[in-house]
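K.L.:
Okay, here's the structure, questions in a sec.
The values are calculated or read from the model by the stated rules, or taken from the named source; none is laboratory data. Please read these numbers as outputs of a predicted model, since none were measured by experiment. Neighbour counts run over all protein chains shown; Cβ positions are idealised from the backbone, glycine included.
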Amino acid sequence: MLAPKTYLPVINSLRGLAATAICFYHFVLSTANYVEAVWVRTLFYYAQYGVPLFFVISGIVLPLAMFKKEYQLKHWSTFMLKRLVRLEPPYLFSLLLASAYLIFQTYRHSGVVAFSGVNFLLHLGYLIPFVEGQEWINPIYWSLAVEFQFYLFLSLAFIGFKQALFSRRLLMYSLVLGASFISNEKALIFRWLPLFLVGIIYVLQQYKIISFKEYALVTLLSFGLIYYHLDLPNLCVAIFTLSMVHYFPNYNPKYSNWLGKISYSLYLIHLIIGQALVNFLSHIYRLPYQKFIVILLGYALSVFAAWILYKWIERPSKQLSSKFKYPTNKS
């Protein structure tokens, strides 16, 4: 068994892989009647599973950080503040950009949903799935809502997972796995809970909070529910992520490490920047080799824009977040 670590280099590479996969999923499949080859569309259809890869990563990274900081419930406000300061500024910038793009599209095309101030305000609290008839300005924001719900969930549930008594942990497992049956709504956390749980219990086992037997049992139950609530590709993503983290924790080539650093910004901005370029050029360049170049240009422009967003907004937000310290546990 590996010694517990608070930083796993491979995580950055996995983030870069997830963000890149989602980019190409949208670039290939979201532009109507552009890429027509069935085998290409089928191949890149599976690139959408970069999203559950992000979920499993969060299930690993956050508990690792909470163990490192010796998280307790009295740290709740600091924990949430750090997450908000770290993640909200890039999100808010992308939201403003997406809103401007929507307004522009409203003037260009009939049938495009008009910008709404109420809808915009609902985005600030990731409240779109709780209000009937409201839609995301940027379709990828649904996953940010799920992640935000996970932060709230783990900030309260982490203490329960750390319980020394098996009976108390069993109650936590039952509540979490049982909650996965509550709703099948994509933008709510419930159906995704087994994906997050496989990451959480992996960390618990690494820290010797639970035995390998308990870890294996809960993991198998989680795998079963991932397959039941979601599908086989989601299960494969969970197995792949755990395998990479466990057997190749230090795998982190220079380029994928850099790509992982900007992955959040890339995820936020690729539909607004890269997809817009692909849509525009798709009306001009229709030959097969041209389509290939257009999609690569969309990705390259997205990466460049993400680097700018990371440099000027995300990185300063990350640095500011690190300045908020948990209250000391020592008397």
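K.L.:
Would you call LEU165 in contact with a Phe, Trp or Tyr (Cβ under 9 Å, 6 or more places away or on another chain), loosely packed, with under 13 Cβ neighbours inside 10 Å and under 25 Å from LYS74 (Cβ atoms)?
P.N.:
Judged against the criteria, LEU165 is not a match.
K.L.:
Can I ask one more? Would you list the helices (runs of 4 or more DSSP H) that sit entirely within the range 239-287 and hold 1 or more residues that are out of contact with any strand residue (DSSP E or B) (no Cβ under 6 Å at 6 or more places or on another chain) and β-branched (Val, Ile, Thr)?
P.N.:
The qualifying helices (runs of 4 or more DSSP H) are 263-269, 274-282.
K.L.:
Also: Quick check on the range 178-196. Is at least one of its residues buried (at least 19 other Cβ atoms within 10 Å of the Cβ) and over 20 Å from TYR49 (Cα atoms)?
P.N.:
no
K.L.:
Would you point out which residue out of ALA157, ALA187, ALA145 is small (Gly, Ala, Ser), closer than 30 Å to LEU96 by Cα and assigned to a helix (DSSP H, G or I)?
P.N.:
Sole residue among the options that is small (Gly, Ala, Ser), closer than 30 Å to LEU96 by Cα and assigned to a helix (DSSP H, G or I): ALA145.
K.L.:
Quick check: is even one residue across the range 280-302 within 20 Å of TYR141 (Cβ to Cβ) and at pLDDT below 95?
P.N.:
no
K.L.:
Among GLN134, GLN105, GLN163, GLN149, which is modelled with pLDDT under 90 and closer than 27 Å to ARG83 by Cα?
P.N.:
It is GLN163.
K.L.:
A further question on this structure: Looking at LEU152, LEU217, LEU204, which one is more than 22 Å from the chain's Cα centre (by Cα) and among the aliphatic types (A, V, I, L, M)?
P.N.:
Result of the check over LEU152, LEU217, LEU204: LEU217.
K.L.:
Could you identify the single residue in TYR310, TYR299 that is within 19 Å of ALA98 (Cα to Cα), part of a helix (DSSP H, G or I), in contact with a Cys (Cβ under 7 Å, 6 or more places away or on another chain) and not polar (S, T, N, Q)?
P.N.:
TYR299
K.L.:
Given the criteria modelled with pLDDT under 95, surrounded by 13 or more Cβ atoms within 10 Å (Cβ to Cβ) and either part of a helix (DSSP H, G or I) or not acidic (Asp, Glu) (or both), does TYR326 qualify?
P.N.:
For TYR326, the condition - modelled with pLDDT under 95, surrounded by 13 or more Cβ atoms within 10 Å (Cβ to Cβ) and either part of a helix (DSSP H, G or I) or not acidic (Asp, Glu) (or both) - is met.
K.L.:
Further question on the same structure: For the range 236-267, which positions are hydroxyl-bearing (Ser, Thr, Tyr) and under 28 Å from TYR91 (Cα atoms)?
P.N.:
Hits for the range 236-267 are THR241, TYR255, SER256, SER263, TYR264, SER265, TYR267.
K.L.:
Then there is this: If SER110 meets every condition in (1) at pLDDT 95 or above; (2) more than 28 Å from ILE262 (Cα to Cα); (3) among the polar types (S, T, N, Q) apart from one, which number is that one?
P.N.:
Unmet for SER110, out of (1) at pLDDT 95 or above; (2) more than 28 Å from ILE262 (Cα to Cα); (3) among the polar types (S, T, N, Q): (1).
K.L.:
Condition check: in a helix (DSSP H, G or I), of a type in the set (A, V, I, L, M, F, W, C) and at pLDDT 95 or above. Does LEU195 satisfy that?
P.N.:
yes
K.L.:
Additional query: Working only within the range 206-250, note down all residues that are within 17 Å of LEU175 (Cα to Cα), hydroxyl-bearing (Ser, Thr, Tyr) and crowded, with 19+ Cβ neighbours inside 10 Å.
P.N.:
Answer for the range 206-250, where residues must be within 17 Å of LEU175 (Cα to Cα), hydroxyl-bearing (Ser, Thr, Tyr) and crowded, with 19+ Cβ neighbours inside 10 Å: THR219, SER222.
K.L.:
Oh, and also: Would it be correct to say that LEU170 is loosely packed, with under 13 Cβ neighbours inside 10 Å, more than 17 Å from the chain's Cα centre (by Cα) and of a type in the set (A, V, I, L, M)?
P.N.:
For LEU170, the condition - loosely packed, with under 13 Cβ neighbours inside 10 Å, more than 17 Å from the chain's Cα centre (by Cα) and of a type in the set (A, V, I, L, M) - is not met.
K.L.:
Identify, from the list VAL61, VAL35, VAL51, the residue that is at pLDDT below 95 and either in a helix (DSSP H, G or I) or not small (Gly, Ala, Ser) (or both).
P.N.:
VAL35
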